[in-house]
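Trainee: Below you'll find the structure I mean.
No value in this document is a laboratory result; all are computed from the given coordinates. Bear in mind the structure is a predicted one, so any value in this text is a computation, not a measurement. FYI the Cβ positions are ideal-geometry reconstructions off the backbone, even for glycines, and counts take in every protein chain you see.
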Amino acid sequence: MQLFYSPDIQKSLYLDENDSKHCIRVLRKEKGDTIHVVDGKGNFYECLIADPNPKKCQLSISGVQEEFQKPSRKIHVAICPTKNADRIEYFVEKSVEIGISTLSFIKTTNSVQRKVNLDRITKIAVSAMKQSIKAYLPEIHEITDFGRFIAGDLKGQKLIAHLNDFSEPIQNKTIEQEVILLIGPEGDFTPEEIGLAIEKGFNPVSLGNSRLRTETAGVVGVSVLNLL
């Protein structure tokens, strides 16, 4: 199944230029053909092509499934961007395919990369959403300082991934319906950051006995939280 993305489909009834071109010129869809569109908010639309314009394909909605494959748990991951942009982009792609509700980027003492290209990150997330036949696009937030982030109004169970003697294996935790998981940089969180997070209500958890790369830890964390 080929999915298209239109965040305001109920108002616009159009595909954007990229999706229009792919739909009409690549897939050779014609007037009256049925296609499927998601809005990133949980709605899955069955649409008919009204005007097969390769720059602005016009649609009519013939049906809609609300809360299509609604996630059973809201998972919010706050992760430090990696020095190599390809690695954090890999994490974004895989986490969206697996299932994530909110994605935040954080700067810590040991962070090397302190910027992210949110436009590119969003495009990767949209592509992963369509590829994995999902109707929910995660909320994606600008990068912010670690201290400011953990002091914010955060909802849900708070976990911080850290390989230490006092970290409880994540699979041993009873996971709530809303959960926030902090993933540190390649140099890990500092002891001061761990202590500050604990003061703010975060519980240290381990993702196994191996020392993982940042993007690997993120993918493992999202996978486990979707399975528990």
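Trainee: 5 Å is the cut-off here: which amide hydrogens, built 1.01 Å from N in the peptide plane, fall below it relative to GLY156, excluding neighbours closer than 5 in sequence?
Mentor: Hits under the 5 Å cutoff: none.
Trainee: Please work out the FRET efficiency for the pair ILE133 and GLU192, using the Cβ-Cβ distance as r and a Förster radius of 45 Å; give the result to the nearest 0.05.
Mentor: Here the calculated transfer efficiency is 0.55.
Trainee: Once you place label points 7 Å from the Cα toward the Cβ at ALA50 and GLN69, how far apart are they in nm?
Mentor: Distance between label points: 2.8 nm.
Trainee: Could you list which residues have their amide H under 5 Å from that of THR144, counting only those 5 or more apart in sequence or on another chain, with H placed in the peptide plane?
Mentor: Hits under the 5 Å cutoff: PHE105, ILE106, LYS107.
Trainee: To the nearest 0.05, how large is the calculated FRET efficiency for LEU228 and ASP119 if R₀ is 35 Å and r is the Cβ-Cβ distance?
Mentor: Numbers: r = 33 Å, r/R0 = 0.94.
Using R0 = 35 Å, I get an efficiency of 0.60.
Trainee: Please list 3J(HN,Hα) in residue order for the stretch 208-222, calculated via the Karplus relation 6.51 cos²θ - 1.76 cosθ + 1.60 where θ = phi - 60°; whole Hz, with x for glycine and proline.
Mentor: x, 8, 8, 7, 9, 5, 4, 5, 5, 4, x, 5, 4, x, 5
Trainee: Ok, one more. To the nearest 10 degrees, how steeply does helix 85-98 sit against the main Cα axis of the chain, on a 0 to 90 scale?
Mentor: That helix lies at roughly 70 degrees to the long axis.
Trainee: State the Cα centre-to-centre distance between the stretch 34-83 and the stretch 105-168 in whole Å.
Mentor: Each part reduced to its Cα centre gives a spacing of 22 Å.
Trainee: Could you put ILE198, ILE106, ILE100 in order, starting from the residue whose Cβ has the fewest other Cβ atoms within 10 Å?
Mentor: Details: ILE198 16, ILE106 23, ILE100 28.
Result, fewest neighbours first: ILE198, ILE106, ILE100.
Trainee: I've got another one for you. Angle between the Cα long axis of helix 118-131 and the longest principal axis of the chain, 0 to 90 degrees, nearest 10?
Mentor: Approximately 70 degrees, to the nearest ten.
Trainee: Taking LYS158 as the anchor, which lysines have their alpha carbon closer than 19 Å to its alpha carbon, excluding any fewer than eight residues away along the same chain?
Mentor: LYS74, LYS107, LYS173, LYS200
Trainee: For the chain, with only Lys/Arg (+1) and Asp/Glu (-1) charged at the beta-carbon, what is the dipole magnitude about the Cα centre, in debye rounded to 20?
Mentor: That gives a dipole near 480 debye.
Trainee: Using a 10 angstrom cutoff on alpha carbons, build the Gaussian network for the chain and name the most mobile of VAL126, VAL205, VAL112.
Mentor: The residue that fluctuates most here is VAL112.
Trainee: Sticking with this structure for a sec: Mind sorting out which of [x] -0.28, -0.63, -1.24; [y] -0.34, -0.68, -1.10; [z] -0.30, -0.69, -1.33 is the real log10 I(q)/I(0) by the Debye sum over Cα atoms at q = 0.08, 0.12, 0.17 Å⁻¹ computed from the coordinates?
Mentor: Only one listed value fits the structure, namely [y].
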